[in-house]
Amino acid sequence: MSDDMSLRQIPPSPMHSPKSGPYRPPKSQIPSLDPSVAADYDVNDEDIPSVEAIPSLSIDLDSSDTAAMRREERLSTSLYYLRRAHRVSAYAFCGFAGIHFANTGIALLLSSSTAPQHFDGTLPFADDNLLAARALYHAVPPLVELLAVATPLAVHVVSGFGLRAVRLEREYRLWVDGCRGGGVTGLVRRWVRAFSWTSVLGYVVVPAVAAHVAVHRIAPVAADVDASSAIVAHLLRLPDAIDGAMGIEKHVVRVVRAVAQVGYPVLVAGAGWHMSYGLLSLLRWPAINPGEGKRRATRTRAVVAAGVTGVWMAALAKLWWLGPVVGNGFRKLEFDKLVLTIVRSLPRPLQRLGLA
């Protein structure tokens, strides 16, 4: 703005309706703009940005413009905190995930065992590592374990969903507002585009993680048994009838076995890929070279994620091969007691599925 011109010499902005779109200044007001701003635009009215994009133009915004600016500020603030909550919760969960991978993946593959027909439920190296990890967990108050494992997981899931919801809302306000349409189909299409395959895997394994916690953390406490890694082998190839099962419980055992045979592969493959690939993406490793694009970084992350998932799946395949615990030993009695606790804790409609 020139020095010999005051704000009083600038004509007042005309009133405009929100239905007519954002106000665009006429050609006569172009010289009053800052030269560095006006030089970037053509003199045609359609090439001049709206007043929201020209900070040097002093003009009063109406109530609708003010509300839009405040809404955009709230969305930007929400996006900022959700993004950081999502990242920090992933980092906080990495400590437990690393210990769990060492115990249930690497240690299982390195552990010796008997032949499947004589499997007594003992995996010496894996059991020793599991006991060492439990000693670490039990050395701290239960609240610390809850804050270190359950809270980051819950925050990560909720913030990830909220992050995509805010991004879609912000994108709609910035680029689609005024072009409303598409109905339910357009809304579903935008939501589908907001999720990558890695994030989809994360939400797919959420029910499997909940079932995993119920079977390996809640049910053993209720049954007063010690659940080791061998319980997975017992559940994957559970016999049709177990000691102590009566009536409908004998049929529900088949449902538990079918759910285990589907749920464990989904849990291991989905969680292994999501955690490893997602962590590398958050760490931005390897760095994206502007000259090569994302292809090289994506390929490297996929190779690492496939390796981690492959180790976990190989450990699961070993447990599937070992099969159920045989004989009438202490482990067999404990595992059968745990299975009965799981069966009897299911709601009656789910128990009736065993009769189908």
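The values are calculated or read from the model by the stated rules, or taken from the named source; none is laboratory data. Worth saying up front: this structure is predicted, and the values here are computed from it rather than measured. Positions of Cβ are generated from backbone atoms using ideal geometry, with glycine treated the same way; all protein chains shown enter the neighbour counts. Please note that ligands, DNA and RNA were not included when accessible areas were found on the heavy atoms of the full protein model with its side chains. Shrake-Rupley method; radii C 1.70, N 1.55, O 1.52, S 1.80 Å.
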Conditions (1) of a type in the set (A, V, I, L, M, F, W, C); (2) outside any helix (DSSP H, G or I); (3) at pLDDT 90 or above -> A287 fails only (3)
Matching entry among R257, R237 (being open to solvent by 50 Å² or more (accessible area, probe 1.4 Å) and touching a Gly at 6+ places or on another chain (Cβ under 7 Å)) = R237
Over 30 Å from V343 (Cα atoms), in contact with a Ser or Thr (Cβ under 6 Å, 6 or more places away or on another chain) and part of a helix (DSSP H, G or I), is that true of G278?
-> yes
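Answer yes or no as to whether V205 is farther than 24 Å from S113 by Cβ, at pLDDT 80 or above and assigned to a helix (DSSP H, G or I). Talk me through it step by step, then tell me what you get.
On the way: farther than 24 Å from S113 by Cβ: yes; at pLDDT 80 or above: yes; assigned to a helix (DSSP H, G or I): yes.
Answer is yes for this residue.
Modelled with pLDDT under 80, of a type in the set (K, R) and either open to solvent by 70 Å² or more (accessible area, probe 1.4 Å) or in a helix (DSSP H, G or I) (or both) - does that describe any residue in region 173-183?
Step one: list which residues in region 173-183 are modelled with pLDDT under 80, which gives 173-183.
Adding the requirement that they be of a type in the set (K, R) leaves 173, 180.
From the residues that got through so far, the ones that are either open to solvent by 70 Å² or more (accessible area, probe 1.4 Å) or in a helix (DSSP H, G or I) (or both) too are 173, 180.
Within region 173-183, one or more residues are modelled with pLDDT under 80, of a type in the set (K, R) and either open to solvent by 70 Å² or more (accessible area, probe 1.4 Å) or in a helix (DSSP H, G or I) (or both).
Inspect region 135-145 for any residue being in contact (Cβ under 8 Å) with a residue 40 or more places away in the chain and in contact with a helix residue (DSSP H, G or I) (Cβ under 7 Å, 6 or more places away or on another chain) and give the result as yes or no.
The first filter runs over region 135-145 and keeps only residues in contact (Cβ under 8 Å) with a residue 40 or more places away in the chain, leaving none.
No, region 135-145 contains no residue that is in contact (Cβ under 8 Å) with a residue 40 or more places away in the chain and in contact with a helix residue (DSSP H, G or I) (Cβ under 7 Å, 6 or more places away or on another chain).
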